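Let me begin by presenting the structure, written as structure tokens, before commenting on it.
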């Protein structure tokens, strides 16, 4: 396994105690192993019908208006990039951007 690999069956979590001052004898300790499972994040990208544009007008946020909703638990939306980019004036030829 390399750093960054995700293991389908999860990762074993095992505690190890370090007692340099010999104080653990003062406590009743139960060590319980567990498994850490990492699930795939779910994001949704939504893109409504873009606003109409007049020939010769540059693309703007009115056309490039996709939104991303994050995963449950508070992850924020992701950043989007567009091609062609905002500011591009589209060709009248449907075979060219």
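Numbers below:
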read-out: Tally of residues being at pLDDT 80 or above and on the phi > 0 side of the Ramachandran plot across the stretch 43-97; value: 2
read-out: Residue tally, condition closer than 30 Å to residue 82 by Cα, surrounded by fewer than 10 Cβ atoms within 10 Å (Cβ to Cβ) and either under 28 Å from the mean Cα position of the chain (by Cα) or touching a residue at least 24 places away in the same chain (Cβ under 8 Å) (or both), over the stretch 12-56; value: 7
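The values are calculated or read from the model by the stated rules, or taken from the named source; none is laboratory data. Just so it is clear, the structure is predicted and the values come from calculations on it, not from any experiment. All Cβ positions, even for glycine, are placed from backbone atoms using ideal geometry, and neighbour counts span all protein chains on display.
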